[in-house]
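What follows is a set of notes on a single structure, which appears directly below.
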Amino acid sequence: TQSTRPQRILGAVQQNATRGDPRSVVRAIDQYCRSQEWAMNVGDEKGCILDSVVSEVNPSTVLELGTYCGYSTVRIASLLPPHAKLITLEFNPKFAVIARQVIAWAGLEDKIQLVEGSSGDLIPKLKEQFGVKAFDLVFLDHWKDRYLPDTKLIEECGLLRKGGVLLADNVICPGAPEYLEFVRSSPRYESQYFKSHLEYTKVEDGLEKSVFLG
Ligand SMILES: O=C(CSCCNC(=O)c1cc(-c2ccc(F)cc2)cc(O)c1O)c1ccc(O)c(O)c1
Ligand SMILES: [Mg+2]
């Protein structure tokens, strides 16, 4: 029977990456998606910007919205200090089953908790269910029209610490105009745009980094 794109991405990881070596997992996915078929990973170009923000924040707790195949999940977790944790929320069970195997191949199961469900339902439960106090970094990479409502929800639930950072993918393509307008005009955020390109293409895209001022 016909395989799916996430299954083919997992195959590329299992064939080309070394078990327990997260960077080789990232490299294997990028090589596959650049040469065989495009997929909606943050990719290598925006991935370098992501790496620099993660390294600068040096977070103890990270929330990722939108796991897909786990590319950015693995990329972020590979840079975290020893006891740091990453919680990633994925709506689509078919993506989740692949991402769990990519995360396992990278050997990062201890750092990463993948939770299946919609971000709107799960965010209000993160404190009580997962003992989260507040996040140092939130990576937004799920439905683009959920960026703003979920940011407001994260604020309402007191899940973002003062000085915490929101990093949003795809603010140009596919775009998140209401979110951009909000974080750029709100006095409670200090925002900065990192111009880049849509993964594996020459189309403009970028990441928006917004520091929560409390
Ligand atoms: O993860 C999901 C499923 S939606 C995937 C989001 N990502 C995209 O749509 C996405 C799309 C494109 C892209 C596609 C076609 C183009 F022509 C150009 C660009 C690029 C990206 O980098 C992306 O991230 C989720 C949903 C609800 C939840 O509540 C939750 O927690 C998670
Ligand atoms: Mg994206």
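The values are calculated or read from the model by the stated rules, or taken from the named source; none is laboratory data. Keep in mind that what you see is a predicted model, and the values were worked out from it rather than measured. Using ideal geometry, Cβ is built from the backbone for each residue, glycine included, and neighbour counts are taken over all protein chains shown.
For the range 162-199, name all the residues that are away from ligand 2 (no atom under 11 Å from the Cβ), out of contact with any strand residue (DSSP E or B) (no Cβ under 6 Å at 6 or more places or on another chain) and either modelled with pLDDT under 95 or under 19 Å from residue 76 (Cβ atoms) (or both).
Matches in the range 162-199: 163 only.
Tell me, please, whether a residue that is aliphatic (A, V, I, L, M), within 24 Å of residue 115 (Cβ to Cβ) and touching a Leu at 6+ places or on another chain (Cβ under 7 Å) can be found in the range 54-61. I'd like the intermediate steps shown before the answer.
Let us first name the residues in the range 54-61 that are aliphatic (A, V, I, L, M), namely 54, 57.
Keeping just the survivors that are within 24 Å of residue 115 (Cβ to Cβ) gives 54, 57.
Subset that is touching a Leu at 6+ places or on another chain (Cβ under 7 Å): 54, 57.
Yes, there is a match, as at least one residue in the range 54-61 is aliphatic (A, V, I, L, M), within 24 Å of residue 115 (Cβ to Cβ) and touching a Leu at 6+ places or on another chain (Cβ under 7 Å).
Being over 27 Å from residue 144 (Cα atoms) and under 20 Å from the mean Cα position of the chain (by Cα) is the requirement here; does residue 24 meet it?
On the way: over 27 Å from residue 144 (Cα atoms): yes; under 20 Å from the mean Cα position of the chain (by Cα): yes.
Spelling it out, residue 24 is indeed over 27 Å from residue 144 (Cα atoms) and under 20 Å from the mean Cα position of the chain (by Cα).
Can you name every residue in the range 90-107 that is farther than 14 Å from residue 7 by Cβ and out of contact with any Pro (no Cβ under 6 Å at 6 or more places or on another chain)?
Residues of the range 90-107 farther than 14 Å from residue 7 by Cβ: 90-91, 103-104, 106-107.
Of everything in the range 90-107, those that are farther than 14 Å from residue 7 by Cβ and out of contact with any Pro (no Cβ under 6 Å at 6 or more places or on another chain) turn out to be 90, 91, 103, 104, 107.
Please find, within the range 43-82, the residue that is farthest from ligand 2 (Cβ to nearest atom) out of those that are of a type in the set (A, V, I, L, M) and farther than 22 Å from residue 159 by Cβ.
Across the range 43-82, the extreme among qualifying residues is 74.
Which condition does residue 4 not pass, out of (1) within 11 Å of ligand 1 (Cβ to nearest atom); (2) touching a Lys or Arg at 6+ places or on another chain (Cβ under 9 Å); (3) not hydrophobic (A, V, I, L, M, F, W, C), if it passes all the others?
(1)
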